[in-house]
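Single-structure report; data block below.
Quick note: the coordinates plus some simple rules give every number you see, no bench work behind them. Every value quoted in this text rests on a predicted model; they were computed, and no experiment measured them. Here Cβ is always computed from backbone atoms with ideal geometry, including for glycine, and neighbour counts include all displayed protein chains.
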Amino acid sequence: MDWQNNFKDIIKQAQKGNEEAFSQIIQNTQKKFFGFCMYLCGDMHLAQDVCQDVYIKAIEHLKDFENETKLYNWLFKTAKNHYIDFTRNHQNKPYIDLEDISDDEGNASETCEGKLELIEILQKIDPKYRIALILVDSEGYTYREASEIIGLTEDALRSRLHKARKFFIENIKK
Amino acid sequence: MNTRLENKLEKNVKEIFQTNLKEEYLNPPVYMQTRILARYREYFANRVTSFWGIKKLIVPIVAILLVVIWKVHFFSSDIFLAQAGIPMLVKVEINQLDEISTQIAYAKVTLPTNIQFYSKNYADISNQRSLILNWETTVQNNALPFVVIGKKAGPKVIIVNFYDKFDKLLFSKKLHVSFNGKHT
């Protein structure tokens, strides 16, 4: 079945236990979703676990996915919650605090020792800033869409993004 | 916030994400899908889809065995007769559940001793004392069907409970069945 044109049918079939239909859902979404989880988690094994757990959870929520956008929104939001739950129990190293970075021009006050790779930088910053960066700058969501997924006002999201981007630009290895 | 500067910052960060895109980030391992699908199968095996087997069972049961079909009227307290040792298709009529039917997520059928669930395709089901039936996918023609087989003669009570999606009990029904001696 063609994914785009038959999305609703595929979802309906998957709700009824049609394995092929659910397999189609995974095949058509896993690349984007796994990429998101990789940036979020910074570790392949953790990304796999989060990805897997969220897809399994999605089985019980298939009826909520009216279109592909809602499906992705749910996947990303659930993965974010999953990851945050995980870090509550397992986080050892503290994140770099971006709260004090001002909204004005000028450099970020927080810097890392030496420049870092993309994944490394993302792992340094608090997940609430990280996910904003990933959704808007990696996945291409609008501010409005990203704020709905995260559960923030658009202004709050913009402020977070600004601080995260400043820190990001100054510390990325080019 | 200076909008021009913010736009430049946004553009730079987006470019970095694009140029740093690594293929391995986008390709999950093949076994991940295999594991997910295994859990998907397990999920439905424990819920309703085994009971689509009932549709396929009906013709062979009628053809090969003597099947007694009883329509159980929902609010009736009558005792119904059945033959021990023969699969019995029970259809719980749900017309009178109209007021709450939109809230029902699933039904749970609980059997007493000496009655078992019956499925030609999923023999293991006979070991379960209770079964969860998904409301949306199990109800057929305004009735909730399942197949049981009595192992011994005597009166028995089958309990059917109806729950919403928050596992709250909405309604409970007792089905009184009296099994005659084993068919020879």
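Listed by number, the DSSP H helices of chain A that run 24 Å or longer by alpha-carbon position along their axis and have mean Kyte hydropathy of at least -0.5 are A:19-41. Extension gain, B:A153 to B:A123: 0.36 nm times the residue separation minus the Cα-Cα distance gives 8.6 nm. Peptide A:18-27 has a mean of 3 when you count, residue by residue, the C-beta atoms of other protein chains within 10 Å of its C-beta. Counting Cβ atoms of other protein chains within 10 Å of each residue's Cβ and taking the mean over peptide B:7-18 gives 5.
In terms of the Cα gyration tensor, with a ≥ b ≥ c the square roots of its eigenvalues, is segment B:3-44 rounded because a/c is under 1.5, prolate because a/b exceeds b/c, or oblate? Since a/c reaches 1.5 but b/c is at least a/b, the shape of segment B:3-44 is classed as oblate.
Averaged over peptide A:154-164, the number of partner chain Cβ atoms lying within 10 Å of each residue's Cβ comes to 1.
Rounded to the nearest 500, the helix-only mean residue ellipticity at 222 nm of chain A stands at -20500 deg cm²/dmol, with each DSSP H run of n ≥ 4 adding -39,500 (n - 2.57). Protection proxy ranking for A:75-87, A:31-43, B:6-18, using the average of other Cβ atoms within 10 Å per residue and placing the highest first: A:31-43, A:75-87, B:6-18. Once backbone amide H atoms are built at 1.01 Å from N, B:K156 has B:V177, B:S178, B:F179 as its partners under 5 Å, excluding neighbours fewer than 5 places away on the same chain.
What separates the Cα centres of segment A:138-162 and segment A:45-75 is a distance of 20 Å. Starting from the Cα gyration tensor of segment A:32-71, take the square roots of the eigenvalues, sort them a ≥ b ≥ c, and report rounded, prolate or oblate (rounded when a/c is under 1.5, otherwise prolate if a/b is larger than b/c, else oblate). Taking the square roots of the gyration eigenvalues as a ≥ b ≥ c, segment A:32-71 is oblate.
Taking a threshold of 25 Å on the Cα-Cα distance, which of the pairs A:K57/A:K173; A:K12/B:K165; A:K57/A:K80 fall above it? Check vs 25 Å cut-off fails for A:K57/A:K173.
Ordering A:132-141, B:117-126 by mean Cβ neighbour count within 10 Å, with the highest value first, yields A:132-141, B:117-126.
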